[in-house]
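We did not get these values from a lab; they are worked out from the coordinates using the rules stated. Since this is a predicted model, take the numbers as computed values, not measurements. Neighbour counts run over all protein chains shown; Cβ positions are idealised from the backbone, glycine included.
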Amino acid sequence: MIRQFELVEQVKSYDINADEEALNRAYVFSMKAHGNQKRASGDPYFLHPLEVAGILTDYKLDAATIITALLHDTIEDTLATEEEIAALFGPEIARLVEGVTKLTLIEMQSDHAKQAENFGKLLVAMSEDIRVLLVKLADRLHNMRTLHFIKNEDKRRRIAKETMEIFAPLAERIGMQEMKNELEDLAFAEINPEARQSIVARLDYLREEGGDLVSRINDELTATLKAGGVKADIHGREKLPYSIWRKMQFKNVAFEQLSDVMAFRIIVGSVEDCYRALGIIHSTYRVVPGRFKDYISTAKPNGYRSIHTGVLGPDQHRIEIQIKTLDMHEIADNGVAAHWTYKQKAGKTEGRQYRWLRELLDILEHAAGPEEFLEHTKLEMFQDQVFCFSPRGDLINMPQGATPVDFAYAVHSEVGDRCVGAKVNGRMVPLRSELQNGDQVEILTSKAQTPSPTWERFVVTGKARARIRRFIHSQEKEQYVQLGRAILQRAFREEGYEFTEKALTGVLKVFKQGSSDDLTAQVGAGHVSARDVVEAVFPATKKSRDDKVVPIDQIKKKPAKGKGNGKDENAIAIKGLIPGMAVHYAGCCHPLPGDRIVGIITTGKGVTIHTIDCETLETYADTPERWLDVSWQKGSELPDYHVGRIHLTVVNEPGSLGTLSMVIGRNEGNISNLKITNRTREFFDLLIDVEVRDVKHLADIIAALRATPAINTVERARG
Ligand code: MN
């Protein structure tokens, strides 16, 4: 057990200005607060925060971090409160301790968290101050060192797995290589004890065979470099069992082939010496191919710099070598923590840190006060994401700006469709509220609820948007069903029959439709003509009409079933065209016989016919060579229909769509496509494609529609 004065001395050894008195107070406060509590090992609980503080002094962290480590379990596990800590140690310490407590709570809440990676990100995002995360990692390291005292095997395994999947990668992510290695190896011992034991046994055997190999090689390397004129500090070690194991897995080598279990670190005074040392090593020993990597000239993305190589070293032992300067080494091993040391040695910030870290340090040096400091030290690594919890503790990861509706759809589509309200951290909030990191979100649902088109305006996830749109589409389908039913009723009545839904069930297969609603909607949308349906249901009507049975597939080819986009490859009845040229009618203006028209030559597509007043023509103003003077050729074999497009506003009331289709039908127009472009409580806006003979025919229909009370405005759609 580290004693009070030892801890203080340790901190003072690297931070002469450390607040000694505050450290002492924290020590006593934590010891008293934990009182008689015991660890699983039977030790007094207080040993734990003390060890955590000890781990952090190895990283030379500031007094505030050490005090936080001493106090880190007091809010959660003792009667101490945040207010008490604020009063005794000031707001900075109170916030740090609260930050660690918050992480601990999330950790416990998230037993269900399936995505380890997300959870790791959450921990980082929630650590408003990097020191919070450092304390949390040290806490985990000590808990792992004492893991074997926990009796419950399931619990041990869960903690080990969590360490392997979340905390070790997190330590690596912020550059703490040494801590990562130890966390992994401790977790490995719990998760796969047999594998680890076999590697330990192998290492023992090698040690017995070769004596103290590490120090012998160490001596020889030192002498070799000295002879070459390079002064170096060499540190050799056996690799930890887990990293050997992983290498075996990765390379798929047998246990017996395992040879490079020793790694040597050569620390030199300058970058120049790094390369000189490399030259000496490479000219003295045989190089193992494929092992040389120069991370000094090109640093790793996380800022790591060093030269790596592998050689058959003294006595033909295969060894791994890293060559670097002391600064590079400290950053590589201690990562973020190393930078706190730099911060204390004022101004000595190196230009090779992670970008965000450098920014962080900049802010630290220039922040006006504690407020601004906290405001800016929020980690911004995962700025674009927000992490929230369900009441059960499931972690949901969404883009920044996500709302309770996004959350509801992320939980389940049904929950999204039925959501009526949301509680965030126990409080009711509007559905459009923006969620924050760590929010606990409870969605209230009602069976009567359906997705609202207004949601589409504020959701940010693709899933929510897609579901809302799908629902709106299904509502549109209902409109088509209404319209189709009106069209069919009339068509049936014309033949002297009463229309029933049941009548359709027998002919669904003919039209390749799944239900009578589907077929009715197809009629409403203009993809199937009502007459075809009547004839399919009552074949006799067809017979009596023209005594000739037309096979179904031929019926399907009738023009009325076109997509209604106004294109017709066969229309050749236009004067002024080059023979054989393909012709399209422009979808923007839907030219009709009688309209004044021009042709525009489109490479690879032939000629597109526009009305002379079409707005699209402006696009071609600069290329007069593409314009073609054309006109309708009277008396030739024009197809007997053309598609005209009209735009209408219709009163939103029962039967108005039926009336609309009736008026068009009575005037011999055939609806080939219909689209509801806008719908309010009072009105529908519709775009309708109508098959007509020519421009006069369309004008007649428009006039008839204008005379209909349920129709508010009608005009020909242009461009
Ligand atoms: Mn703890």
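With 21 Å as the limit on Cα-Cα distance, the pairs of 239/324; 231/324; 60/231 that go past it are 60/231.
If you take the square roots of the eigenvalues of the alpha-carbon gyration tensor of segment 661-719 and sort them as a ≥ b ≥ c, do you get rounded (a/c under 1.5), prolate (a/b over b/c) or oblate? Let's see the in-between values first.
Numbers: a/c = 1.78, a/b = 1.45, b/c = 1.23.
Prolate, since a/c reaches 1.5 and a/b exceeds b/c.
Send over the Kirkwood Rh of segment 172-215, from the inverse of the averaged 1/r over different Cα pairs, rounded to one decimal Å. Each step should come with its number before you reach the end.
Details: mean 1/r = 0.0824 Å⁻¹.
For segment 172-215, inverting the mean 1/r across all distinct Cα pairs yields 12.1 Å.
Rounded to the nearest whole Hz, the Karplus-based 3J(HN,Hα) values (6.51 cos²θ - 1.76 cosθ + 1.60, θ = phi - 60°) of segment 525-532 follow the sequence 7, x, 7, 10, 8, 4, 5, 4, with x at glycine and proline. May I ask which of 293/463; 38/161; 32/102 have a Cα-Cα span longer than 32 Å here? Too far apart for the 32 Å limit: 293/463. The modelled label-to-label distance between residue 152 and residue 706, using points 7 Å beyond Cα along the C-beta direction, is 8.1 nm. Extension gain for residue 681 to residue 452 (0.36 nm times residue separation, less C-alpha to C-alpha distance): 81.1 nm. Rounded to the nearest angstrom and listed largest first, the equivalent-ellipsoid semi-axes of segment 1-101 from its Cα gyration tensor are 20, 17, 11. Packing-based ranking of 240-247, 215-222 yields 240-247, 215-222, ordered from highest to lowest mean Cβ neighbour count within 10 Å. Legend: Rg and Dmax of segment 426-516, from Cα coordinates, 21.0, 67 Å.
Compactness of segment 45-86 is given as radius of gyration and Dmax, 10.7, 30 Å, from Cα positions. Evaluating 6.51 cos²θ - 1.76 cosθ + 1.60 at θ = phi - 60° for every residue in segment 437-448, the Karplus couplings come out as 3, x, 4, 9, 10, 10, 9, 9, 10, 9, 5, 7 Hz, glycine and proline recorded as x. The label point for residue 233 and the one for residue 297, both projected 7 Å from the Cα toward the Cβ, are 2.8 nm apart.
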